[in-house]
1. Please list, in chain and number order, the residues 5+ apart from F64 or on another chain whose amide H is under 5 Å from its amide H, with Hs placed from the backbone.
2. Kindly report the accessible area of the chain per residue (heavy atoms of protein chains, probe 1.4 Å, no ligands, DNA or RNA), in Å².
3. Choose one answer from R97, R151, R178: the residue with the largest mean-square fluctuation in a GNM of the chain with alpha-carbon springs under 10 Å.
4. Which Cys in the chain stand alone, with every other cysteine's Cβ at 4.7 Å or more from theirs?
5. In whole Hz, what ³J(HN,Hα) sequence does region 160-168 give by Karplus (6.51, -1.76, 1.60; θ = phi - 60°), x for Gly and Pro?
6. Karplus couplings for region 238-246 from phi (6.51 cos²θ - 1.76 cosθ + 1.60, θ = phi - 60°), rounded to Hz, Gly and Pro as x?
7. Taking θ as phi - 60°, what are the ³J(HN,Hα) couplings along region 89-106 by the Karplus curve (6.51, -1.76, 1.60), each to the nearest whole Hz, with x for Gly and Pro?
8. Could you list the residues of region 1-34 with an amide nitrogen less than 14 Å from a label point located 7 Å from the Cα of D95 in the Cα-to-C-beta direction?
Amino acid sequence: MEVVIQPNASAAADLVAQIIARELRANPRAVLGLATGGTMESVYDRLVRLHRETGLDFSGCRTFNLDEYIGLSGNHLNSYRHYMNQHLFRQVNIDLRHTHLPDGVAVDLEKECADYERLITQAGGIDLQLLGIGRNGHLGFNEPLSAFRSRTRISTLSPETIEQNAGLFGGPENMPRRAITMGVGTILDGRRCVLLATGPDKAAILAQAVEGPITSMISATALQLHPHCTVIADEAAGSRLKKADYYRTIFNHDPKWEKFRQPADNFSFYQPSSLPEMIK
Ligand code: PGA
């Protein structure tokens with residue numbers, strides 16, 4: 001695992017967007033694993049800007065999202081399909097037929113889960129899996145005690161997750177109780193994982209996920225087993241990491257990070273003239 005601590009949430013999102021953009025430029029037919037949630041909105045905002053301002057091309061890529069609520073159709077304002085259409089898919093040149101989320105209103109939910117796994121395999125597997133982290137350490141909707149070898153399946157949301165997301169539904173009583181989620185094993189099969197965590201609410205769980213003992217009580221600790229996982233945090237989310245100084249030293253000295261090391265001000269998305277330079 002590698003950990004990069006950026007000065008603020010904006011710089012952290014910039015870095016994640018750069019990593020995705022480089023992946024897409026190197027491999028225009030990349031299979032991207034995508035995530036939803038408040039944290040990801042700023043990443044998609046930057047990818048849309050890169051598309052508009054530098055022509056970042058999504059036409060050949062295919063996408064698989066982590067999860068979807070059971071009982072919500074893609075038209076529902078709180079469905080993750082709606083979120084993805086709004087924040088990314090309808091704003092870039094992606095072929096909507098190449099974008100996949102589990103169908104939360106499928107008649108046969110078990111079959112939907114098995115079909116989703118099959119589709120990922122048929123696409124050749126996920127090249128880059130984008131991840132957020134829940135306050136209870138979930139990845140997707142892999143709640144505490146999710147098996148590390150679990151595959152796409154039906155999951156029952158934990159009380160912490162219901163509390164975390166209830167605001168979007170106008171209260172916990174309106175929230176679905178179940179979801180379809182990629183399994184921890186599905187996520188670990190991705191060739192690269194990139195986890196973004198920002199804000200003080202994520203500091204404690206991020207420290208446990210990165211530096212704590214591996215346990216299925218915290219699904220994100222499974223990423224310690226992944227051969228190519230990058231965790232990107234802002235200072236607030238990284239504030240409880242014991243080895244933060246060491247992670248900074250690596251970022252500042254490892255040649256592979258050289259292209260990403262400019263101070264945040266030099267590659268801010270709010271200076272369009274810097275964009276072609278930063279994605280070389
Ligand atoms: P958030 O959700 O970005 O809204 O904090 C992340 C998650 O629960 O995975």
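The values are calculated or read from the model by the stated rules, or taken from the named source; none is laboratory data. All values derive from a computational prediction rather than experimental measurement. Quick reminder, even Gly has a Cβ in these numbers, built from the backbone with ideal geometry, and neighbours come from all protein chains shown. Surface areas here come from the heavy atoms of the whole protein model, side chains and all, with no ligands, DNA or RNA. Shrake-Rupley method; radii C 1.70, N 1.55, O 1.52, S 1.80 Å.
1. L32, G33, L34, H100
2. Averaged over the residues of the chain, the accessible area is 43 Å².
3. R97
4. Cysteines lacking a close Cβ partner in the chain: C61, C113.
5. Values per residue, Gly and Pro as x: 5, 5, 4, 5, 5, 9, 4, x, 5 Hz.
6. x, 5, 9, 7, 5, 9, 3, 5, 5
7. Using θ = phi - 60°, the values come out as 4, 7, 10, 10, 8, 8, 7, 4, 5, 9, 9, 10, 9, x, 8, x, 10, 4 Hz.
8. Those under the cut-off are 28-31.
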